[in-house]
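One structure is given here, and the rest of the page talks about it.
The values are calculated or read from the model by the stated rules, or taken from the named source; none is laboratory data. Keep in mind that what you see is a predicted model, and the values were worked out from it rather than measured. Backbone-built Cβ (ideal geometry, glycine too); neighbour counts: all protein chains shown. Please note that ligands, DNA and RNA were not included when accessible areas were found on the heavy atoms of the full protein model with its side chains. Shrake-Rupley method; radii C 1.70, N 1.55, O 1.52, S 1.80 Å.
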Amino acid sequence: MQQPNREKVLNYNRAIVPQETGWWCGPAATQIALDILGIKMQERDIAAEIEQIENPGRGDDRDGTDYIGLIETFLDRKVPWAKYTSVYVQNDPMNQSQKDRFWNHIVRSIDAGYGVDRKSVV
């Protein structure tokens, strides 16, 4: 299945795009996804909350987000109506069926007005 050449722009504050550390890529992407929904949070606060899901009672271990499910859990707490989910694929590179599934998830999320972190759907 050939993916259509479509473009959809979700408005967000481009000033928040650069991640603040070398290990906060997940929290940085999450900050953008929340900003699209009008929810303003500092990247460091998102990172701290995700870290508490991963390692309750400990501080930032500076190893990044260990797996995408931690971000999904965080987003489900902040925006439960969005019903964020992680979609995993078994092959790298993806086969055509997996590419089609990947594309459909992305399009559905964006059409609904939600930001998508590539890591959250692969």
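Each helix, a run of at least 4 DSSP H residues, gives -39500 (n - 2.57); summed and divided by the residues of the chain, these come to -13500 deg cm²/dmol at 222 nm.
Can you tell me how much longer the chain between D66 and Y88 gets when fully stretched, taken as 0.36 nm per residue apart minus their C-alpha distance, in nm with one decimal? Length gained between D66 and Y88: 6.4 nm.
Could you tell me which of rounded, prolate or oblate describes segment 27-78, using a ≥ b ≥ c as the square roots of the eigenvalues of the alpha-carbon gyration tensor, with rounded for a/c under 1.5 and, failing that, prolate when a/b is larger than b/c and oblate otherwise? In terms of gyration-tensor shape, prolate. Rg and Dmax, both from the Cα atoms of the chain and both in Å, are 14.9, 48. Relative contact order, whole percent, for segment 1-60 stands at 24, derived from Cα pairs under 8 Å and 6 or more residues apart. In this simple spin-label approximation, N55 and K40 carry label points 7 Å from Cα along the Cα→Cβ vector, and these lie 3.1 nm apart.
Highest mean packing comes first when the peptides 42-53, 15-26 are listed by Cβ atoms within 10 Å, giving 42-53, 15-26. Accessible surface for K40 stands near 140 Å², nearest 10, in the context of the full protein assembly shown (1.4 Å probe).
Once you divide the Cα radius of gyration of segment 50-101 by 2.2 N^0.38 Å, the number left is 1.46.
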